[in-house]
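Only one structure is covered here, and it is reproduced in the block below.
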Amino acid sequence: MAIQLFMPTFDVEGCLKEIRECLEKGWTGLGWKTVELENEWKNYTKLPHCAHYVNSATAGLNLAIDCLKDYYGWDADSEVISTPLTFISTNHAILLSDLKVVFADVNDTACLDPKSVEDHITDKTKAVCFVGIGGNTGDYEEIEKICKKYDLKLILDAAHLAGTRLNGEIVGGGCRRNRVFFSSCQKSAYS
Ligand SMILES: Cc1ncc(COP(=O)(O)O)c(C=O)c1O
């Protein structure tokens, strides 16, 4: 028996119109359409530093983690607390940056359980990677508080969070306040 958990919705005609324009002009690489999309996204999310597109959420995550690692000089023993649920991309991006993945548990939201995160913090912990699974924000605010309390960086894997709001704001909007770093979120839902 198959149980459908999430249902993606797409503006098919709107997307095809934009793609058609590129194909008709014969310009399928980085260019004016990329800039247009980046600016639209920046306006839509109100996130001032978000307008830099990469080709996938994996690349965005890897960029975020590598930037943090370089900037703060984390060594290969440094630990990032993460979820065991979306293993492939989220945790491979951490491993690709030569950091250690430490699994905390999820709770009934299918997102990281704040209590389990706190239980896994050691003196090697540098960051927490939070996945908003299926567009769900889970206990994101609690995780933010824990990161502040222990001075940890918060990496938001927002692959499923395009358009998701928390208290009326696009998730991750606290980036100026709380120094949240997050990955590209180019998917409207998880299928
Ligand atoms: C939670 C999560 N993070 C990252 C990714 C990677 O996305 P992409 O295929 O765009 O690299 C996925 C893929 O579905 C995902 O589910």
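The values are calculated or read from the model by the stated rules, or taken from the named source; none is laboratory data. All of these numbers come straight from a predicted model, not from anything done at the bench. No Cβ is skipped: glycine too gets one built from the backbone with ideal geometry, and neighbour counts run over all protein chains shown. Surface accessibility is based on the protein's heavy atoms, side chains included, excluding ligands, DNA and RNA. Shrake-Rupley method; radii C 1.70, N 1.55, O 1.52, S 1.80 Å.
Please find, within the range 133-149, the residue that is modelled with the highest pLDDT out of those that are within 13 Å of the ligand (Cβ to nearest atom) and more than 16 Å from A104 (Cβ to Cβ).
Step by step, filter the range 133-149, then rank; the result is N136.
Answer with yes or no whether I88 is out of contact with any strand residue (DSSP E or B) (no Cβ under 8 Å at 6 or more places or on another chain), open to solvent by 80 Å² or more (accessible area, probe 1.4 Å), over 21 Å from I170 (Cα atoms) and part of a helix (DSSP H, G or I).
Yes.
So N39 clears everything in (1) surrounded by 11 or more Cβ atoms within 10 Å (Cβ to Cβ); (2) under 18 Å from the mean Cα position of the chain (by Cα) except one condition, right? Which one?
The single condition N39 does not satisfy is (2).
Could you tell me which residue of the range 111-132 is surrounded by the fewest Cβ atoms within 10 Å (Cβ to Cβ), considering only residues that are in a loop (DSSP other than H, G, I, E, B), at pLDDT 95 or above and of a type outside the set (D, E)?
Applying the filter and picking the extreme gives T122.
Tally the residues that are more than 12 Å from the ligand (Cβ to nearest atom), farther than 15 Å from K153 by Cβ and exposed (fewer than 14 other Cβ atoms within 10 Å of the Cβ), restricting the search to the range 50-74.
1
Return the pair list, or none, for Cβ contacts closer than 6 Å from residues in the range 151-162 that are assigned to a strand (DSSP E or B) to residues that are polar (S, T, N, Q), at least 6 apart or on different chains.
Pairs found: D157/T90; D157/S183.
Given (1) open to solvent by 30 Å² or more (accessible area, probe 1.4 Å); (2) at pLDDT 90 or above; (3) not aliphatic (A, V, I, L, M), where does Y44 come up short, assuming only one miss?
Of everything listed in (1) open to solvent by 30 Å² or more (accessible area, probe 1.4 Å); (2) at pLDDT 90 or above; (3) not aliphatic (A, V, I, L, M), Y44 misses just condition (2).
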